[in-house]
Amino acid sequence: MECEITITTSQGHRTGLYRLVTNLLDHHRYPASNLVSLYHERWEVESAYFAILKTMLGGRVLRSKTWAGIAQEVYALLSAYQVLRIAIADATETTPGADPDRGSFSVALQCARDQIICWSACRPRPERASH
């Protein structure tokens, strides 16, 4: 199936002809417009995996050697990912018509890192008890 898709970037609009190949051949059960929409949703999921694996982990693997440790690392990654996505959604709310999916995950991650580094450098250090 062929479809024309227009994307919007910071450089403007770009339209191209794309071909979606599928084995879902029953056009009554799987209308082309639905498949194109689902394909777009699939790429949003792929982008989320990319953000976690490449951006947050930087290509590193999980360090844990136990199932409990792996579960803890995965939950931590998913929690951090969700917090950053909420921050992106909150930031894009201030611009009318802005789509939160268009917010830059890598920029949000770098801002969060910068804030943590700044906080750790500026916070008061606990006084050492003298013995």
**Q.** Cut-off 17 Å (backbone N to label point 7 Å along Cα→Cβ of Gln82), residues of segment 23-49
**A.** 48-49
**Q.** Longest to shortest principal axis, alpha-carbon extents of the chain, angstrom
**A.** 80, 41, 22
Q) Put a dot 7 Å past each Cα toward the Cβ at Ala71 and Ser120; how far apart are the dots in nm? A) 2.8
Q. Taking the Cα centre of segment 50-131 as origin and charging only Cβ (+1 Lys, Arg; -1 Asp, Glu), how large is the dipole, in debye to the nearest 20?
A. 500
Q) So, with +1 on the Cβ of K and R and -1 on the Cβ of D and E, and no other charges, what is the size of the charge dipole of segment 1-104 about its Cα centre, to the nearest 20 debye? A) 500
Q. Taking +1 at the Cβ of each Lys and Arg and -1 at the Cβ of each Asp and Glu, which of Thr94, Thr22, Leu84 sits farthest along the dipole of the chain towards its positive end, judged by Cα position relative to the Cα centre?
A. Leu84
Q. So how exposed is Ser120, as accessible area in Å² (1.4 Å probe, rounded to 10)?
A. 40
Q.
Compute the angle between helix 105-122 and the longest alpha-carbon principal axis of the chain, please, reported from 0 to 90 degrees and rounded to the nearest 10.
A. 10
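Taking all protein chains in place and a 1.4 Å probe, what share, in percent, of the accessible surface of the chain do carbon and sulfur account for?
The C+S portion of the solvent-accessible surface of the chain is 59 percent.
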Q. For Leu20 and Thr55 in the same chain, what is the full-extension length gain: residue separation times 0.36 nm, less their Cα-Cα distance, in nm?
A. 9.8 nm
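Using a 1.4 angstrom probe, figure out how much accessible area segment 34-131 has per residue, in square angstrom, rounded to the nearest whole.
In whole numbers, segment 34-131 has 82 Å² accessible per residue.
The values are calculated or read from the model by the stated rules, or taken from the named source; none is laboratory data. Note that the coordinates shown come from a computational prediction; the quantities given were computed from them, not determined experimentally. Cβ: placed from backbone, ideal geometry, glycine included. Neighbour counts: every protein chain shown. Areas reflect the complete protein model, heavy atoms only, side chains present, ligands, DNA and RNA absent. Shrake-Rupley method; radii C 1.70, N 1.55, O 1.52, S 1.80 Å.
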